[in-house]
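Asks: Right, I'll just put the structure down here and ask away after.
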Amino acid sequence: MENAWLGVVSAAHVRLGVAGGFAQVQHGKRHGLDRMRRGDGFAYYSPAETMGGRTPLRAFTALGVVADDATFQHDGAMYPGTSFRPFRRRVSWLDVEELPLDEVKDHLDLTSTPNWGYALRRGLLPLSLHDVGLLRARMAAGTVPAWTSA
């Protein structure tokens with residue numbers, strides 16, 4: 001693995017992506033997804049359970065590996081009565097358990113600088129290999145899976 005990424009999405013939307021084998025970020029925009037390559041690590045951080053939700057979650061909710069080099073657009077409208085067709089990337093999701101940010105905050109490169117939370121507003125940002133390795137070790141359900149390309 002050469003690169004890793006962090007997507008910032010509600011936990012409810014993360015579950016849709018995990019069930020469907022894809023990642024979607026930045027309200028379905030393509031640009032950030034095009035920067036990813038097959039074999040890159042990918043983690044989701046969920047500030048809340050639902051988009052715009054008032055109850056904070058503040059947890060890492062999914063972890064996987066980008067499965068191929070193709071960004072694709074969802075077939076048909078995602079919501080009835082709309083023309084919203086978001087862009088996505090295929091991800092091979094690992095079997096992981098949710099990890100509260102507070103349990104690893106003091107050990108992540110991501111949170112080591114002042115105002116680190118402001119970067120999360122971008123919706124997608126590079127994640128250090130140190131951080132994705134730490135998340136993998138802490139989130140793995142059962143045995144720690146090896147990083148492999150899908």
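Asks: First select every other residue whose beta carbon is under 9 angstrom from the beta carbon of Phe22; then total the charges, Lys and Arg +1, Asp and Glu -1.
Replies: Once positives and negatives cancel, what remains is +3.
Asks: Which value at 222 nm does the chain reach when only helices count, each DSSP H run of 4 or more adding -39,500 (n - 2.57), with the total divided by all residues and rounded to the nearest 500 deg cm²/dmol? Before the final figure, lay out the partial values.
Replies: Working: 4 runs with 29 residues, N = 150.
So the helix-based figure for the chain works out to -5000 deg cm²/dmol.
Asks: Next up: When Lys and Arg each count +1 and Asp and Glu each count -1, what net charge do the other residues less than 14 Å away from Val96, Cβ to Cβ, add up to?
Replies: Numbers: positive: Arg15, Arg136, Arg138; negative: Asp95, Glu97, Glu98, Glu103.
With Lys, Arg at +1 and Asp, Glu at -1, the neighbours total -1.
Asks: What would the Debye equation give as log₁₀ I(q)/I(0) for the chain at q = 0.14, 0.21 Å⁻¹, counting only Cα atoms as equal point scatterers?
Replies: -0.63, -1.46
Asks: OK, next. Mind giving me the nanometre distance, one decimal, between the label points for His31 and Thr55, set 7 Å out from Cα along Cα→Cβ?
Replies: A separation of 3.5 nm, rounded to one decimal place.
Read-outs throughout are calculated quantities, based only on the coordinates presented, and are distinct from any laboratory measurement. Because the structure is a prediction, the values reported are computed rather than measured. Here the Cβ is made from the backbone with ideal geometry for all residues, glycine too, and neighbour counts use every protein chain on show.
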